[in-house]
């Protein structure tokens, strides 16, 4: 490879050093400028995302402002009555006892089986119930199960008939589901209820309320209550 020698006139040689300095300064300025430009683009992108999030929040706020708070509370109450937010076996037993009384059948046995507590959606409660009564009363009890809170499903049913009495052994599934503990991202659009969802809520609203629970505290007999002060 040949070396190329350029002979500059003597009068230009003193300019070489300042010219080199200028080139270095220009190169540094260009590098800094490109870095600043990239940072500026990044900041602009963040500002655009922030403004879009604000617009999404404003749209959600405006939409929520059009909804009836009373209607939302009613729908929430209906949903949590159908599928409770907590595992309440007492509520389920009280509902079954109330249905048995209104159907004129007697309950002879209750037994509970643990459900899958790790289920990702609705978690089951399994309960066994034995009742006895006339055939008409038994059919009335079965029919009432599908029209009462909380939602229940007969998974197994057996009959024994003796002296005009019907003994029925039920395996019943009910469900509960904890309320969500997190809210969606501001970028997630609101999910509007479909007409089928509205119809389902209307049907659930027509179900019977479960019997209320009351507890009676029994005082010890023949002893002084140490907590009566």
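Summary of computed values
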{"item": "Condition broken by residue 166, with the remaining ones in (1) at negative phi; (2) surrounded by 12 or more Cβ atoms within 10 Å (Cβ to Cβ); (3) in a loop (DSSP other than H, G, I, E, B) satisfied", "result": "(3)"}
{"item": "Subset tally (residues that are under 18 Å from the mean Cα position of the chain (by Cα) and either under 23 Å from residue 97 (Cβ atoms) or surrounded by fewer than 10 Cβ atoms within 10 Å (Cβ to Cβ) (or both)) for segment 190-203", "result": "3"}
{"item": "Of all residues in segment 88-107 being at pLDDT 80 or above and part of a loop (DSSP other than H, G, I, E, B), the one that is surrounded by the most Cβ atoms within 10 Å (Cβ to Cβ)", "result": "105"}
{"item": "Candidates 108, 147, 171, 103 - the one that is over 30 Å from residue 202 (Cβ atoms) and touching a residue at least 24 places away in the same chain (Cβ under 8 Å)", "result": "108"}
{"item": "Matching entry among 181, 80, 138 (being in a helix (DSSP H, G or I) and surrounded by fewer than 18 Cβ atoms within 10 Å (Cβ to Cβ))", "result": "80"}
{"item": "Selection from segment 82-101 of residues that are closer than 16 Å to residue 153 by Cα and under 15 Å from the mean Cα position of the chain (by Cα)", "result": "82, 83, 84"}
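Okay, residues lined up against (1) without any contact (Cβ under 8 Å) to a residue 40 or more places away in the chain; (2) exposed (fewer than 10 other Cβ atoms within 10 Å of the Cβ); (3) in a helix (DSSP H, G or I); (4) in contact with a strand residue (DSSP E or B) (Cβ under 7 Å, 6 or more places away or on another chain):
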{"residue": "53", "(1), (2), (3), (4)": "no, no, yes, no"}
{"residue": "57", "(1), (2), (3), (4)": "no, no, yes, no"}
{"residue": "61", "(1), (2), (3), (4)": "yes, yes, yes, no"}
{"residue": "76", "(1), (2), (3), (4)": "yes, no, yes, no"}
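The values are calculated or read from the model by the stated rules, or taken from the named source; none is laboratory data. Everything quoted here is computed from the prediction, not taken from an experiment. Here Cβ is always computed from backbone atoms with ideal geometry, including for glycine, and neighbour counts include all displayed protein chains.
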